[in-house]
Each structure stands twice: as C-alpha cells, then as structure tokens.
1. So, of the residues in the range 52-103 that are of a type in the set (A, V, I, L, M, F, W, C) and assigned to a helix (DSSP H, G or I), which turns out to be modelled with the lowest pLDDT?
2. Quick one: in the range 75-96, which of the residues that are touching an Asp or Glu at 6+ places or on another chain (Cβ under 6 Å) and of a type outside the set (A, V, I, L, M, F, W, C) is surrounded by the fewest Cβ atoms within 10 Å (Cβ to Cβ)?
3. Looking only at the range 97-142, how many residues end up being small (Gly, Ala, Ser) and within 24 Å of Lys153 (Cα to Cα)?
4. Restricting attention to the range 97-137, which residues are under 13 Å from Leu170 (Cα atoms), in contact (Cβ under 8 Å) with a residue 40 or more places away in the chain and either of a type in the set (Gly, Ala, Ser) or exposed (fewer than 15 other Cβ atoms within 10 Å of the Cβ) (or both)?
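The values are calculated or read from the model by the stated rules, or taken from the named source; none is laboratory data. Everything numeric here is computed off the predicted structure, so don't read it as measured data. Using ideal geometry, Cβ is built from the backbone for each residue, glycine included, and neighbour counts are taken over all protein chains shown.
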Amino acid sequence: MKKLSFLVAASICVTLLGCGKAENPEAGAVTGLSLEPIETVTESESLPETDTTETHFTEALNDEGSYWVSGYLRASDKESAGEPDEYGVLQAIIYEARIEDDFLTVKGVTNFRNDKAQDPVATNDIDEASFIITDQTVFQMVGGEGGPEDVSKEDFAQYLKDCADTGLLLDIQVEGAKVLVAQICA
C-alpha cells in the first residue's frame, strides 16, 4: 500500500513538472531536483473494501430502535435549512425528497424525535439521508376530515414531487434504517 501511495504521489509530481513549460527553458526552472527512476509494481495489490455507506446501513439495520425524522417541504428555501427562525428555533427544512427504487431519500435539515407525540429532541444536519422502503412500509397523506389516507408507494412518490415547495410536513418513522411509516402532513 505504501508503494502504491508513493507511486501515485511521484507520478503526480512528475506530471506537474511537465505542466506550464515556458518558451524560455531557463525561466522558472526548478533547481536542486534530482529524479530517480520509479520502481514499477508488478503485482496487483488489492485494496480493502471500505464502503462507508454500506457499513452505515449495516449498523443501522441492526439497530432495533424506532424514531421519527421530520422536516418541512420547502424546495426553494435551501439557504434557510438549519438557520434559526424569528424565535431562534432551528428550521427543519427538507429541500429535496424523492423515492427511487426501494429508497426514500431526503436532503436538508430534519428534526429527530423518539416517538410521534414528542417535541423534537435534536436536529439532524446531515445534508442527505436515505432510508430503506420495505413491503411493510405504510405511506399516508395526513390532514383533512377523513383522517390519514393510505396511498401506494408510486402515488406517494408523486405527492413528494407535487408538494416539494408547499411547506407541508414530511414525517418518517424509521426503525433500523427501514421506513415504517412515511407521511405528508397538512
């Protein structure tokens, strides 16, 4: 691994020496530099796999705890995400939310609660988070006279697009990186 790092660093240095050649070879010449031949690597070294996303999901999947993540759908107000409002409360703003394949991805600043009825206990300022959608995930539209309305994953994905800048609340119950319930609330 050290040889590979040295080779990469050395090749970048040699490449940079060739850049910016002047018409006058004496102008800007580097002095006191001696180049030695670089040892070639004949065998391939395999790098250890360090996919932090996969590691994060593996750890999250093993977490038995359930929690709620929420934020207001305000696509045009990205700059205000995480900034204090007029009362000094940090603004939980989701400026992008989408469903692709079996993932619900949110970008922005979200509130964190241990249960639905609790006031937010923390603010997550991670710019992007993805949660796994399963066959048991419930998608709901909440508000109005009829109570929560269950909708399909496809309809919910379309509602996320349609409501992107409405200021409605996106509320997600998560357990071990899996979405239990996803709601758009009026």
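1. Filtering first and then ranking leaves Phe57.
2. Looking at the filtered set, the residue picked out is Ser76.
3. The qualifying residues number 4.
4. Of everything in the range 97-137, those that are under 13 Å from Leu170 (Cα atoms), in contact (Cβ under 8 Å) with a residue 40 or more places away in the chain and either of a type in the set (Gly, Ala, Ser) or exposed (fewer than 15 other Cβ atoms within 10 Å of the Cβ) (or both) turn out to be Ala97, Arg98, Lys116.
Residues are listed down the side, and each one gets a yes or a no for (1) touching a Gly at 6+ places or on another chain (Cβ under 9 Å); (2) among the charged types (D, E, K, R):
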residue: Leu104; (1), (2): no, no
residue: Lys107; (1), (2): no, yes
residue: Asp115; (1), (2): no, yes
residue: Pro120; (1), (2): no, no
residue: Ile132; (1), (2): yes, no
